[in-house]
Amino acid sequence: MKPSFIQASADRLLLQLRSFLTGALPRREVWFRDLPPIDMVPDISRHVDEKCLRLILEAIRSRRSVEIRYQSLTNARVREIAPHAIAFDGYRWHVRAWACDRGDFRDFVLSRIDQIHVGSKAEFDPADDVEWTSKIVLDLRPHPGLSAEQSLAIQRDYAMENGRREVEVRLSMAYYFIKRMNLDLPDLPPARAQICLANLKEVKRALEKARGRSMGG
């Protein structure tokens, strides 16, 4: 037998503290012998109904559709969708699904589903969801409007090497990353924006092309 030791990781330790504060991790599983004084900004989570999640997961496993009543920002309507994955955008949980009534792949926010019923066998192939199966590298840089000293601070914050950091994401998740990091707002003050996406136009073109292919275009 050969002993195996856990590698020290500040990120893992801090993630444990966060999980402990949110109630996701019990005290006995936190590696800190003595907890330091800690607190965090309140995390207002979106409520996901337990029955809804269970039926979504069952539909993914059995390749079935579900009939849902979905509340968008404009209206509430009954829709039939065929789920194949779930994803977290940093704030909300989504179900990635084939929209049977629209004939394309879309994201649906789980907390906006207020009614759900099991549907029929779904005739679709998750491999056709090009936005989900394709990945792209985001080229993150310090905002060009920052001073040299500010730029160095941002490079350290984001663990950049040679003034950049590359992050690989699914195309379907790139949109949420860009929105969450305000990378699509060119008028933000440099100190507020902090970083920029050097290949934003390339990402947008890839998204448009993938959406066209997912709809059979």
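Summary of computed values
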{"quantity": "Tabulated pairs, segment 93-105, first within 30 Å of ILE44 (Cα to Cα), second in a loop (DSSP other than H, G, I, E, B), C-beta under 8 angstrom, 6+ apart or interchain", "calculated": "TRP93/ARG46; TRP93/VAL48; ARG96/ASP129; TRP98/ALA122; TRP98/PHE124; TRP98/ASP129; PHE105/ASP129"}
{"quantity": "Scan of segment 93-107 for residues that are touching a Leu at 6+ places or on another chain (Cβ under 9 Å) and either open to solvent by less than 50 Å² (accessible area, probe 1.4 Å) or of a type in the set (Val, Ile, Thr) (or both), ordered by number", "calculated": "HIS94, VAL95"}
{"quantity": "First in segment 162-183 and over 19 Å from SER134 (Cβ atoms) and without any contact (Cβ under 8 Å) to a residue 24 or more places away in the chain, second anywhere and of a type in the set (D, E, K, R) and open to solvent by 40 Å² or more (accessible area, probe 1.4 Å), Cβ under 8 Å, 6 or more apart", "calculated": "GLY163/ARG141; ASN182/ARG192"}
{"quantity": "Check on ARG61, modelled with pLDDT of 90 or more, part of a helix (DSSP H, G or I) and either open to solvent by 90 Å² or more (accessible area, probe 1.4 Å) or under 29 Å from ASP157 (Cα atoms) (or both)", "calculated": "yes"}
{"quantity": "Cross-chain or 6+ apart pairs with Cβ under 9 Å, segment 28-50 first and touching a residue at least 60 places away in the same chain (Cβ under 8 Å) and among the charged types (D, E, K, R), then open to solvent by 70 Å² or more (accessible area, probe 1.4 Å) and part of a loop (DSSP other than H, G, I, E, B)", "calculated": "ARG46/TYR91"}
{"quantity": "Single residue of segment 108-139 satisfying the filter (touching a residue at least 40 places away in the same chain (Cβ under 8 Å), over 21 Å from ALA206 (Cβ atoms) and outside any strand (DSSP E or B)) that is most open to solvent (accessible area, probe 1.4 Å)", "calculated": "ARG112"}
{"quantity": "Members of segment 190-206 found to be more than 12 Å from ALA174 (Cβ to Cβ) and touching a residue at least 24 places away in the same chain (Cβ under 8 Å), listed by number", "calculated": "PRO190, ALA191, ALA193, GLN194, ILE195, CYS196, ALA198"}
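Every residue, every condition in (1) open to solvent by less than 60 Å² (accessible area, probe 1.4 Å); (2) not in a strand (DSSP E or B), yes or no:
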| site | (1), (2) |
| --- | --- |
| GLN16 | yes, yes |
| PHE32 | yes, yes |
| HIS47 | no, yes |
| ARG69 | no, no |
| ALA85 | yes, no |
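Conditions tested, residue by residue: (1) touching a Lys or Arg at 6+ places or on another chain (Cβ under 8 Å); (2) β-branched (Val, Ile, Thr); (3) part of a loop (DSSP other than H, G, I, E, B); (4) surrounded by fewer than 19 Cβ atoms within 10 Å (Cβ to Cβ).
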site: MET173; (1), (2), (3), (4): no, no, no, no
site: PRO186; (1), (2), (3), (4): no, no, yes, yes
site: ARG192; (1), (2), (3), (4): no, no, no, yes
site: ALA206; (1), (2), (3), (4): no, no, no, yes
site: GLY212; (1), (2), (3), (4): no, no, no, yes
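The values are calculated or read from the model by the stated rules, or taken from the named source; none is laboratory data. Predicted model, so just to flag it, every value in this text is computed and none were measured. When we count neighbours, we look across all protein chains shown, and the Cβ atoms used for this are built from the backbone with ideal geometry, even at glycine. Areas reflect the complete protein model, heavy atoms only, side chains present, ligands, DNA and RNA absent. Shrake-Rupley method; radii C 1.70, N 1.55, O 1.52, S 1.80 Å.
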